[in-house]
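The values are calculated or read from the model by the stated rules, or taken from the named source; none is laboratory data. Given the structure is predicted, the values throughout are model-derived calculations rather than measurements. Neighbour counts are summed over all protein chains in view; Cβ atoms, including those assigned to glycine, are modelled from backbone coordinates with ideal geometry.
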Amino acid sequence: MNHMSHHSPLLSKDEEQMVKDYIVLSILLTVLDHEIERLPNMKLKLLPLYIKQLHCIQQQIIKDLTSIKAMLRKIGIKIYEQSRTENGIQVAYVCRGYHHSFEMLWRLLKAEVVIKMSSYLHVPKER
């Protein structure tokens with residue numbers, strides 16, 4: 001990564017990816033909460049195992065979110081608002097003293113959530 005990026009009010013590609021990962025993981029955590037709540041209504045023989053696995057994944061996501069948040073803080077980036085809109089999630093953040101915002105569209109978020117969850121489940125990417 002370019003050392004100049006630490007002084008720039010703009011995000012480097014790596015920093016931009018960290019912010020997006022943070023948003024995607026936050027959404028994934030919410031999705032998992034809803035999925036876990038709905039699972040007990042299903043008549044599955046291995047249900048306790050599925051729920052336990054999803055709880056383990058939740059714990060890993062929380063660790064990953066904590067790690068990303070610490071890295072962002074270290075380089076002077078703070079996400080201070082995430083709000084749902086009709087089209088997606090509006091994100092507001094401060095980068096080294098400068099305020100920025102962007103929107104992640106629902107279809108992009110959904111695809112990213114599926115990719116992240118696939119990696120937590122160790123499901124190979126489709127070709």
Could you tell me whether region 70-86 includes any residue that is polar (S, T, N, Q), within 15 Å of the chain's Cα centre (by Cα) and surrounded by 14 or more Cβ atoms within 10 Å (Cβ to Cβ)?
yes
Only one of (1) among the hydrophobic types (A, V, I, L, M, F, W, C); (2) more than 14 Å from the chain's Cα centre (by Cα); (3) under 15 Å from Ser26 (Cβ atoms) fails for Met117. Which number is that?
(2)
Within region 1-29, residues over 14 Å from the mean Cα position of the chain (by Cα) and either under 17 Å from Val91 (Cβ atoms) or at pLDDT 80 or above (or both) come out as Pro9, Leu10, Leu11, Ser12, Lys13, Asp14
Condition check for Ala92: farther than 22 Å from Val113 by Cβ and of a type in the set (Gly, Ala, Ser):
no
